[in-house]
1. Can you confirm whether the range 95-106 contains a residue that is in contact with a Leu (Cβ under 9 Å, 6 or more places away or on another chain) and at positive phi?
2. Please indicate, with yes or no, whether at least one residue in the range 60-67 is closer than 22 Å to SER125 by Cα and at pLDDT 90 or above.
3. Please identify the pairs in which a residue from the range 140-169 that is assigned by TED's automatic domain parsing to the domain that holds ALA189 has its Cβ atom under 8 Å from the Cβ atom of a residue that is in a loop (DSSP other than H, G, I, E, B) and among the β-branched types (Val, Ile, Thr), counting only partners at least 6 apart or on another chain.
4. Of all residues in the range 15-26, which are in contact (Cβ under 8 Å) with a residue 12 or more places away in the chain and more than 18 Å from VAL101 (Cα to Cα)?
5. Does LEU12 qualify as being more than 18 Å from TYR96 (Cβ to Cβ) and among the aliphatic types (A, V, I, L, M)?
6. Check GLN72 against each of (1) surrounded by 15 or more Cβ atoms within 10 Å (Cβ to Cβ); (2) at pLDDT 85 or above and name the one condition it does not meet.
7. Of all the residues that make up the range 1-40, how many are assigned to a helix (DSSP H, G or I) and more than 19 Å from VAL60 (Cβ to Cβ)?
8. What single numbered condition from (1) outside any helix (DSSP H, G or I); (2) at pLDDT 90 or above; (3) not hydroxyl-bearing (Ser, Thr, Tyr) fails to hold for LYS183?
Amino acid sequence: MRIALISDNLVLRAALRCLLKSWNISAVATECGSDGELPEQLRFANPDVAIVDLSVEFDVGLLRKIRSLSPQCRLLLLARSLAPELFFHLREEGGYNIVCVKANVETFLEYLHGTIDGRSMLDPSVLPAGYQESRVTLGPRQAELVSLLVQGLKNKEIAAALNITEGTVKVYLSRLFEKLHVKDRFELALFGLRNMSMIGEAARMPPNRPGPQSETATSKTALILDWRETGSGRMRTPARRRREGAM
């Protein structure tokens, strides 16, 4: 088992190296930072598992680069905290195990073994306190409409892009407002921006036929809205967060 240690923190890399050596479960194939040396090191080492330090900044671009250079490499990510949307998207995409960088040694070892064995493991402690996931399913047409809204298109332009009437756009928007518990197109656009990767996949699906499509289309995507507070049924929407921040 060949392991790559990817971190700009030299002390952390040294600590991980000592732990792996003391456990005698694998060999460190390479160590590198997230800079220009990464591609050459990964191609040369061809690791089975990469331990990636994302405790300072969660760099999605870095993960994509590692995936492209070593498609078969399993990733164990060290993170301090994650936004609920990012946590949801990583889990849906699969192939990433996440453990809190502040976890104890026993927990880290458990996650490392899980990664080596090919099990999926996500540490809930990287999420905000009281996190309870809330998903809403969107059909391809709804996802495409949200995607166009995020780009700043007006109702008339959205109608032309989707080959539907402007009145149908208004109906879709009204249903989306109710479905996503938002009060206007601005809040809907905010949710769209925060869930863009998932919405983009659905919006690229070819329509089954021209014109309006049923919201119960076969191909759907789920997007995460926000987290609920422990013991509370209220969704923490952007408007509510702004109101609370002003108090």
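The values are calculated or read from the model by the stated rules, or taken from the named source; none is laboratory data. Everything numeric in this text was worked out from a predicted model, so none of it was measured. Cβ atoms come from the backbone with ideal geometry, glycine included; neighbour counts cover every protein chain shown.
1. There is at least one residue in the range 95-106 that is in contact with a Leu (Cβ under 9 Å, 6 or more places away or on another chain) and at positive phi.
2. At the first step, the residues of the range 60-67 found to be closer than 22 Å to SER125 by Cα are 60, 63.
Adding the requirement that they be at pLDDT 90 or above leaves none.
For the range 60-67, residues closer than 22 Å to SER125 by Cα and at pLDDT 90 or above: absent.
3. ALA159/THR165
4. Within the range 15-26, TRP23, ILE25, SER26 meet the criteria.
5. When the stated conditions are applied, LEU12 passes them.
6. Exception for GLN72: condition (1).
7. Here is the first cut: in the range 1-40, the ones assigned to a helix (DSSP H, G or I) are 10-23, 38-40.
Next, only the ones that are more than 19 Å from VAL60 (Cβ to Cβ) stay: 10-23, 40.
Adding up the residues that qualify gives 15.
8. Looking at each condition in turn, LYS183 falls short on (2).
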